[in-house]
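One structure is given here, and the rest of the page talks about it.
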Amino acid sequence: MVDIENILSDLGTKGNLRHLVHAGHCGGSMLIGGQRMLNLSSNDYLGLASDAEFYADFLRNSGLGDYVMKAMSGESVYGKCIPEQFLFSSSSSRLLTGNFSIYEAVENELCALYGTEAALVFGSGYHANSGILPAVTGPDDVILADKLVHASIIDGIRLSPAKTVRYRHQDLDQLESLLKRHHTACGKIFIVTESIFSMDGDVTDLARLAALKKEYGNVMLYVDEAHAVGVRGRTGLGVAQEQDCIPDIDFLIGTLGKALASAGGYVVCTKAVRDFLVNRMRTFIFTTALPPVNILWTLHVLKRLPVMSDRRDRLASLSERLREGLAGAGYVSDSDSQIVPLVAGESFKAVEMARMFQRNGFYLLPVRPPTVPEGTSRLRISLTASVTGDDVDHLLSLLPKK
Ligand SMILES: *Cc1c(COP(=O)(O)O)cnc(C)c1O
């Protein structure tokens, strides 16, 4: 067994011990130790998870509010069925008794939005990424993955029998030379990447990946849009929509827990792939399906996603304002999204900077090695549509001079 005591004390000495912080939430703010801070570390990019009006609209619209009112008024429910879309548990895997019709409603909605044949919903984005590659890859295949892909994708790669090569972050020239080297000598090549990277906020040239796929023939594209779904594209379907290449992506992964303010993950794919995953994907088969009432909420959000352009536009202009302000103060980054890194350098500097921002009412957290490379410790500023232009200006005014 690992030496638990020693490892913990070592983490403590190096300033890398992580804690679970008790936090209250109200709107876009957090309450920690009696202090109110603007939450700039959230993935609630559209500001939906904290929007009381939007939530009330769901309660009215879904009938859940009425149902609760009836229960509160003491109306007898003895012997009656609980409406299945209001259940707090599915009590089963979807392959046994947990396949409520609300799941298929969400999957049909995803197909209609993306214009694809099929979609499949999972317990989380983590389940999607750790389960799909192990199910669909064989020992003759090669996975070419960006160096900085998310931990959930790395776990999927570890469980896959395919040979894996990581290419330098966003270095699509290196990727192309790897394609040249491998494409005749293996089964299929899986190019695996994210569309917006979670630590740098940079955006992948998916259109170029689509072109590479056409050129080399035996290529499959696997793209994780966790930070882009809801935020990018005309109707909020992500960078693939923005770059007009949805049909070129074989496995388009989204998460429901970030901009979509719910929980779960999904893939949009062909019908054959969906049927196969239902039969072979362990993180789909051997786990309890999400609570139906939560899927009902997801459906409510998805149906309204296309008309949320005002939130997307607001977020885009706030992000631009922040990026320009930072660049003007000498803090350059590769970000082209709502995730903007503020690189401090050594870990202690990032910790100090985070404390300073927190004292001034901005909830920012230091991100240190091994999450990011040595010497690039940073604050990861993540904007949401509920932040104001004044908030951004105030934040910029606090920047230490370079
Ligand atoms: C958050 C995240 C996931 C995991 O999604 P969950 O639904 O939170 O499990 C997967 N990939 C990326 C890139 C993420 O940022």
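Hey, among Ser76, Ser41, which residue is among the hydroxyl-bearing types (Ser, Thr, Tyr) and closer than 30 Å to Ala354 by Cβ?
On the way: Ser76 fails: closer than 30 Å to Ala354 by Cβ.
Testing whether each residue is among the hydroxyl-bearing types (Ser, Thr, Tyr) and closer than 30 Å to Ala354 by Cβ leaves just Ser41.
Exactly one condition in (1) in a helix (DSSP H, G or I); (2) modelled with pLDDT of 90 or more is not met by Asn43; state its number.
All conditions are met except number (1).
For a quick check of your reading: which helices (runs of 4 or more DSSP H) sit entirely within the range 108-195 and have at least 3 residues that are of a type in the set (Gly, Ala, Ser)?
125-136, 151-158
Please enumerate the residues belonging to the range 369-402 that are in a helix (DSSP H, G or I), small (Gly, Ala, Ser) and open to solvent by less than 70 Å² (accessible area, probe 1.4 Å).
First pass over the range 369-402, keeping only residues in a helix (DSSP H, G or I): 389-397.
Still in the list and also small (Gly, Ala, Ser): 389, 397.
Listed by number, the list holds a single entry, Gly389.
Could we say that Leu365 is modelled with pLDDT of 95 or more and hydrophobic (A, V, I, L, M, F, W, C) here?
Numbers: modelled with pLDDT of 95 or more: no; hydrophobic (A, V, I, L, M, F, W, C): yes.
So Leu365 does not fit the description; no.
Looking at the range 254-266, can you tell me whether even one residue there is open to solvent by 20 Å² or more (accessible area, probe 1.4 Å) and away from the ligand (no atom under 13 Å from the Cβ)?
No: zero hits.
Would you pick out the residues in the range 87-134 that are more than 16 Å from the ligand (Cβ to nearest atom), among the β-branched types (Val, Ile, Thr) and within 21 Å of Leu159 (Cβ to Cβ)?
Matches in the range 87-134: none.
Here are some residues: Pro341, Pro366, Pro292. Which one is over 18 Å from Lys401 (Cβ atoms), open to solvent by less than 20 Å² (accessible area, probe 1.4 Å) and touching a strand residue (DSSP E or B) at 6+ places or on another chain (Cβ under 8 Å)?
The conditions single out Pro341.
Please count how many residues of the range 354-363 are in contact (Cβ under 8 Å) with a residue 60 or more places away in the chain and open to solvent by 10 Å² or more (accessible area, probe 1.4 Å).
Final tally of qualifying residues: 3.
Failed condition for Val332, given (1) touching a residue at least 40 places away in the same chain (Cβ under 8 Å); (2) assigned to a loop (DSSP other than H, G, I, E, B), with all others met?
The single condition Val332 does not satisfy is (1).
For the range 219-234, which residues satisfy the criterion of being open to solvent by less than 10 Å² (accessible area, probe 1.4 Å) and more than 14 Å from the ligand (Cβ to nearest atom)?
Within the range 219-234, Val219, Leu221 meet the criteria.
Give just the number: which of (1) open to solvent by 60 Å² or more (accessible area, probe 1.4 Å); (2) within 16 Å of the ligand (Cβ to nearest atom) does Arg168 not satisfy?
Answer for Arg168: the failing condition is (2).
The values are calculated or read from the model by the stated rules, or taken from the named source; none is laboratory data. Everything numeric in this text was worked out from a predicted model, so none of it was measured. Glycine also receives a Cβ, built like all others from the backbone with ideal geometry; neighbour counts cover every protein chain displayed. For accessibility, only protein heavy atoms count, side chains too; no ligands or nucleic acids. Shrake-Rupley method; radii C 1.70, N 1.55, O 1.52, S 1.80 Å.
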